[in-house]
1. Determine, from the Cβ-Cβ distance of PHE31 and ASP173 and an R0 of 35 Å, the FRET efficiency 1/(1 + (r/R0)^6), rounded to the nearest 0.05.
2. Report the convex hull volume per residue for segment 37-139, counting only C-alpha atoms, in Å³.
3. Looking at the square roots a ≥ b ≥ c of the eigenvalues of the Cα gyration tensor of segment 1-68, which shape do they give, rounded for a/c under 1.5, prolate if a/b is larger than b/c, or oblate?
4. What ³J(HN,Hα) values, in whole Hz, does the Karplus curve 6.51 cos²θ - 1.76 cosθ + 1.60 give for segment 118-134 when θ = phi - 60°, with x put for Gly and Pro?
5. If one computes the Cα centroid of segment 44-71 and of segment 75-122, what distance in Å separates the two points?
6. What residues qualify as long-range amide H neighbours of LEU63, i.e. H under 5 Å apart, gap of 5 or more or another chain, H built at 1.01 Å from N?
7. Could you give each residue of segment 37-51 its phi-based ³J(HN,Hα) in whole Hz, using Karplus coefficients 6.51, -1.76, 1.60 with θ = phi - 60°, and x for Gly or Pro?
8. So if the hydrodynamic radius of segment 104-158 is defined as the Kirkwood radius over C-alpha pairs, what does Stokes-Einstein give as its diffusion coefficient at 10 °C and 1.306 mPa s, in µm² per second?
Amino acid sequence: MTAGRTRGVARPIRRFGDPVLRTPTDEVVDFDESLARLVEDMMASMYAAEGVGLAANQIGVGLSVFVYDCADASGERHVGHVVNPVLVSTDGDLDESDEGCLSVPGLYYDTARPSYAAVEGVDITGAPIRVAGDGQLARCLQHETDHLKGLLFLDRLHGRTKRRAMREVMSADWPDR
Ligand code: ZN
């Protein structure tokens with residue numbers, strides 16, 4: 001990041017029901033100043049909402065970018081962004097832990113995901129990057145790449161948990177923002 005650039009501005013986070021969350025995002029082709037600003041705003045938005053990851057369409061931007069700040073199973077913290085991410089591999093036992101989403105505030109459900117994930121993409125300059133790991137990081141990488149395809153973690157639920165989730169989501173009384 002260039003020294004002296006103004007810090008990102010937190011933008012409102014779109015909630016369940018907003019069509020932008022159901023629309024697959026477009027590949028980024030312009031690696032310009034506005035992309036850098038988008039990533040800064042996404043980081044600011046994620047921190048303001050106390051999240052561990054955020055996809056661009058969650059702030060209403062239909063581009064394939066996510067940011068993250070989360071730990072792997074060893075507790076090591078990983079912070080960054082991925083442009084045009086592709087989930088290249090998942091592995092390991094299914095980990096069925098609590099998962100939530102800034103677009104589905106206050107609701108958490110046990111969601112089965114492989115315990116290891118690897119994502120490849122590029123950074124804001126277009127240089128190739130790879131992010132991989134286990135623990136919360138693996139869950140986050142899968143959750144955010146899902147977002148960019150128009151999927152929500154609710155889509156990964158099954159059976160009774162899914163029915164309970166849909167009931168609670170439909171009756172959720174989220175304040176306007
Ligand atoms: Zn989410």
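Laboratory data are not the source of any read-out in this text; all were calculated from the coordinates shown. Values in this document were obtained by computation on a predicted structure and should not be read as measured data. Here the Cβ positions follow ideal geometry from the backbone for every residue, glycine too, while neighbour counts run over all protein chains shown.
1. 0.25
2. Numbers: hull volume 10.1 nm³, N = 103.
Here the figure is 98 Å³ per residue.
3. oblate
4. Ordered by residue, 3J(HN,Hα) equals 10, 10, 10, x, 9, 9, 5, 9, x, 6, x, 9, 9, 10, 8, x, 10 Hz.
5. First find each Cα centre; the distance between them is then 13 Å.
6. Hits under the 5 Å cutoff: ASP26, ASN57.
7. Along segment 37-51, the couplings run 5, 4, 4, 5, 5, 5, 4, 4, 5, 4, 5, 4, 8, 6, x Hz.
8. Numbers: Rh = 12.4 Å.
Estimated diffusion coefficient is 128 µm²/s.
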